[in-house]
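What follows is one structure encoded as structure tokens, with my remarks underneath.
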Amino acid sequence: MLAAHYPKALFDEYLAYDETSSTLLRWKKRPGTTVKVGDEAGGKGSDGYWRFQLKGKAWKLHRVIYIILNGEIDRDLDVDHKDRNKDNNHPSNLEAKTCAANNFNKRKGKGRYARKRYHKWEAYYTVPGVNKYVYVGYFETEEKARMMAMAHRLESYWVI
């Protein structure tokens with residue numbers, strides 16, 4: 001999927017890169033009535049990525065930082081966090097990659113045996129071959145939920 005066009009000229013007009021800011025960007029021109037020049041730009045979205053609003057559109061902070069410092073990039077390239085940490089938008093941690101290369105950097109297997117629900121970790125697994133979902137229980141930590149799900153799966157389907 002192609003990314004939206006990120007116009008460098010617009011960002012250069014409104015934003016300044018600032019290492020002292022927690023978001024690494026500050027407003028150098030007021031984008032609206034509630035924001036002052038010098039305020040930090042951005043806030044954390046529900047998906048964990050930092051964003052800000054400008055001209056009626058939400059922009060991803062890491063992509064904007066990369067574009068401000070490196071120039072415009074092709075729309076078919078993603079900006080990847082090398083260390084997989086969405087909070088780390090430092091320029092040394094950002095790299096333009098193809099979608100396939102970006103997907104290669106994702107964590108593998110996360111969520112296979114545990115997911116957070118109702119403020120606890122739910123342990124589960126699927127039965128090989130039939131894709132049947134088996135609920136194991138709720139646990140206080142992710143590690144405990146994963147261990148219990150794997151133990152239950154081994155106990156049920158393989159001879160130990």
Kirkwood-Stokes translational diffusion coefficient of the chain, alpha-carbon pairs, 10 °C, 1.306 mPa s, µm²/s: 85 µm²/s
Looking only at 22, 46, 92, which one moves most when the chain is put into a Gaussian network model with springs between Cα atoms under 10 Å? 46
Given a Förster distance of 41 Å, report the FRET efficiency between residue 117 and residue 76 from their Cβ-Cβ distance, rounded to the nearest 0.05. 0.70
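How large is the charge dipole for the range 12-160, taken about the Cα centre, if only the Cβ atoms of Lys, Arg (+1) and Asp, Glu (-1) carry charge, to the nearest 20 debye?
In total the dipole reaches around 540 debye.
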Work out the charge dipole of the chain with +1 on the Cβ of Lys and Arg and -1 on the Cβ of Asp and Glu about the Cα centre, then indicate which of 23, 133, 103 is farthest towards its positive end. 133
Extension gain, residue 36 back to residue 10 (0.36 nm per residue minus Cα-Cα distance, nm): 7.6 nm
Taking the convex hull of Cα positions in the range 1-91, its mean projected area over all directions (nm²): 5.9 nm²
Picking from 34, 71, 93, whose Cα lies most toward the positive end of the charge dipole for the range 8-104 (charges on Cβ: Lys, Arg +1; Asp, Glu -1)? 34
Just 78, 39, 47 to compare: in a GNM of the chain, with alpha carbon springs under 10 Å, which one fluctuates most? 47
The chain: relative contact order as a whole-number percent, Cα under 8 Å and 6+ apart: 14 percent
Can you give me the orientation-averaged projected area of the convex hull built on the Cα atoms of the range 65-107, in nm²? 2.9 nm²
Remind me, what semi-axes does the range 114-157 give for its equivalent ellipsoid, largest first in whole Å, using sqrt of 5 times each Cα gyration tensor eigenvalue? 19, 11, 6
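Bear in mind these aren't lab numbers, they're just calculated from the coordinates by the rules spelled out. Quantities reported herein were computed from a predicted structural model and do not represent experimental measurements. So basically every Cβ, Gly included, is an ideal-geometry build from the backbone, and we count neighbours across all protein chains shown.
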